[in-house]
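Just below is one structure, and these are the notes that go with it.
The values are calculated or read from the model by the stated rules, or taken from the named source; none is laboratory data. Only a predicted model underlies this, so the values are computations on that prediction, with no experimental measurement involved. Glycine also receives a Cβ, built like all others from the backbone with ideal geometry; neighbour counts cover every protein chain displayed.
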């Protein structure tokens, strides 16, 4: 394959500096080298400590939301420090600047959550404590086990596991994909999707570029996994229809079915899990309007108090 990297220098991939983010960046770098027949040194990873990694004692929604994962990388893209940025798509705001575009997504990993500290949700101790910073996980657990008390757990995977080991909670939930990317597949037990629908975009890695840089967009686009992109964009359209925020318990999952349609499942919950609105439908690939409409219909079916959570 023709070597079309930027002349005289490597392609620069920006990434958060956390261990998981760097593992994901290495996967993106390897995919690019494989796709273009490049030597490993044709892609370099440029790490940054994101704002969201600096403040760990408050919920993300209270200190600026998902933008705290992306704003430093966005700045570097705009000023030319990097050519592309690697994101966990779950952490990317629903509405992005028009100057940026997601040029590729890698093949999606396991979308499930993994429960660490107990063999199953049913096996959690009565009135036990679950460490999580996710409104979705908190609401879903309380829907399934109203006796369980969520306690705030933020930080990287190692930090959360250390807090669990220290007895700050009886169990925690982590993304199965993240554990696998860190080589910790032995940790915990995955929870079936039928029991806990994942967060929109969970398990997906995206690569973002400047919208006006056709050369870099084409290079990165060579590693795009279409099925992942189509499903994740559908899930993000549901989010857009919901006007959701980091405060809002939302789950969504698209899967490509035989015949090429996407089976799109989505749900919204009250923070205590007592109200739960869910729906599923088949949509055409690329039909973002249908996915957006699903989000709007979930809202229409919700009580005023639940709907209020999704008011911008």
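Annotations
- In the set 114, 94, only one residue is at pLDDT below 95 and either surrounded by fewer than 22 Cβ atoms within 10 Å (Cβ to Cβ) or touching a strand residue (DSSP E or B) at 6+ places or on another chain (Cβ under 6 Å) (or both); that residue is 94.
- Failed item in (1) touching a helix residue (DSSP H, G or I) at 6+ places or on another chain (Cβ under 7 Å); (2) modelled with pLDDT under 95, with residue 174 passing the rest: (2)
- Against the criterion of being surrounded by fewer than 23 Cβ atoms within 10 Å (Cβ to Cβ), in contact (Cβ under 8 Å) with a residue 24 or more places away in the chain, part of a helix (DSSP H, G or I) and in the same structural domain as residue 119 (by TED's automatic domain parsing), residue 180 qualifies.
- For region 98-113, residues that are assigned to a loop (DSSP other than H, G, I, E, B) and either under 15 Å from the mean Cα position of the chain (by Cα) or at positive phi (or both) total 7.
- The number of residues in region 137-163 being in contact with a strand residue (DSSP E or B) (Cβ under 8 Å, 6 or more places away or on another chain), modelled with pLDDT of 95 or more and in a helix (DSSP H, G or I) comes to 7.
- The conditions of being within 18 Å of residue 201 (Cβ to Cβ) and within 16 Å of the chain's Cα centre (by Cα) are met by residue 234.
- The residue that is modelled with the lowest pLDDT, among those in region 63-77 that are under 16 Å from residue 13 (Cβ atoms) and more than 12 Å from the chain's Cα centre (by Cα), is 70.
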